[in-house]
1. Hey, can you tell me all the residues within region 2-32 that are farther than 21 Å from Q105 by Cβ and of a type in the set (V, I, T)?
2. Would you tally the residues in region 3-13 being surrounded by fewer than 18 Cβ atoms within 10 Å (Cβ to Cβ) and either part of a strand (DSSP E or B) or touching a residue at least 60 places away in the same chain (Cβ under 8 Å) (or both)?
Amino acid sequence: MPVSGYTYLCRLEALTEGLPRRFVTEGVPVALVLTEDQVFAIYDTCSHSAVSLSEGEVDGCTIECWLHASRFDLRSGKPLDPPATRPVPVYPVRIEDGKVYVELQGQG
């Protein structure tokens, strides 16, 4: 059954711990990250260089942009290291019946 206001992206077992996965839904690039037994959804474009964050490294609750090494907090989208100074949007995630849903409305 669909989750109201949320968009289905994938089954939970399709995600690998610490390995970001890129989706484009409703025209929005989203990186899903399974880490520390949680699933995070973050806008999949670095606020500094406009490159895909899902191609970067995950360390705990951070994701690092592969181009200039800015790290972003997966919980808040805030940059932790320069050169990025602007946060990127994060999106609420719900998991129901082994399916991962993301809410894009009103976010970002």
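The values are calculated or read from the model by the stated rules, or taken from the named source; none is laboratory data. Please read all numbers here as calculations on a predicted model, not as lab measurements. All Cβ positions, even for glycine, are placed from backbone atoms using ideal geometry, and neighbour counts span all protein chains on display.
1. Residue satisfying the conditions is T16 alone.
2. So the answer is 7.
So that you can scan it fast, the table gives a plain yes or no per residue for (1) buried (at least 21 other Cβ atoms within 10 Å of the Cβ); (2) at pLDDT 95 or above; (3) in contact with a helix residue (DSSP H, G or I) (Cβ under 7 Å, 6 or more places away or on another chain):
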position	(1), (2), (3)
R22	no, yes, yes
V30	yes, yes, no
V33	yes, yes, no
S47	no, yes, no
G56	yes, yes, no
C65	yes, yes, yes
S70	yes, yes, no
